[in-house]
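Visitor: Let me give you the structure first, and then I'll get to my questions.
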Amino acid sequence: MRQPRNFTMVLPATETDPEMYLSIPSFTFSLVPPAEQPIDSFAELKASIRRAAHDLRDETVRFIEQTLEVAQRQVTESPRDPVYCLPCFYTKGYNVLRRLCRVISPEYKCPILEFVPNAVQMAVLSEHGAGVIRMPRVIEESGMLVEDGSEDKESLQNLVDVFFKDMEEYFFNYMSVCGTCPPIPQSFNLMKIYLKKRATNERRCETTKRFFKELDVHMNIHLTGVFGEEHVPADYFKTHATD
């Protein structure tokens, strides 16, 4: 079913003086309300964060469980020692939601989001035991998750490559276990927010910013090329986008 590919998306060179802006786009939920709106308008944002945190938890746990299940099925066909790791969208998506909590208040904490790291760690321990997967640590001051000492340590280019491979793995595992193409994960939308902000902060050129703005199109093309249109239709992200 799957045609393995070595995906590499070459980002354009950084502009020296691009027009800078700071905006977080709205995908499946309303994000940053204008500061001048009444404080009770944050109720919608709080609900959006709760839904996104719930989905991020479920999608990360599903990735962990299905990766192991698929690997165990394949062990008799192609014996190997698979390398298990958390998907990049877990840490990045979690931190996007953390930053959105700060929009509401520096002290605001979403109960569901607070529990996500514990839920993911329990899934890892249940499926793999201790010491198999390196867990990101929580920065006490901010509550952010960090890997290897710095959240933004990896280059934008490498992060995009890893993200595409993680999404390919997510779709492959889901289709292998469930027999159907998965719903578009909320994690994809959170990563889209993160990548657009990184591109802005790093003063990337307009071509790169446009790539991330149209990330759903590029991801659809990649997944259709890997799995075939009978499994991932060419308009899958467009027709299955969440409201």
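The values are calculated or read from the model by the stated rules, or taken from the named source; none is laboratory data. This one's a predicted model, so the numbers in the text were calculated from it and none came from an experiment. So basically every Cβ, Gly included, is an ideal-geometry build from the backbone, and we count neighbours across all protein chains shown.
Visitor: Out of the residues in the range 70-105 meeting the condition of being outside any helix (DSSP H, G or I) and modelled with pLDDT of 90 or more, tell me which one is surrounded by the fewest Cβ atoms within 10 Å (Cβ to Cβ).
Guide: Ser105
Visitor: Please verify whether Val226 is in a loop (DSSP other than H, G, I, E, B), crowded, with 19+ Cβ neighbours inside 10 Å and β-branched (Val, Ile, Thr), treating the condition exactly as stated.
Guide: No, not satisfied.
Visitor: Out of everything in the range 123-170 that is among the hydroxyl-bearing types (Ser, Thr, Tyr) and surrounded by fewer than 17 Cβ atoms within 10 Å (Cβ to Cβ), what residue ends up being modelled with the highest pLDDT?
Guide: That would be Ser126.
Visitor: Residue by residue through the range 191-229, note down the ones that are farther than 17 Å from Phe164 by Cβ and within 16 Å of the chain's Cα centre (by Cα).
Guide: Matches in the range 191-229: Lys197 only.
Visitor: Of everything in the range 106-116, what is farther than 21 Å from Lys192 by Cα and crowded, with 16+ Cβ neighbours inside 10 Å? Give them in sequence order.
Guide: Selection gives Cys110, Ile112.
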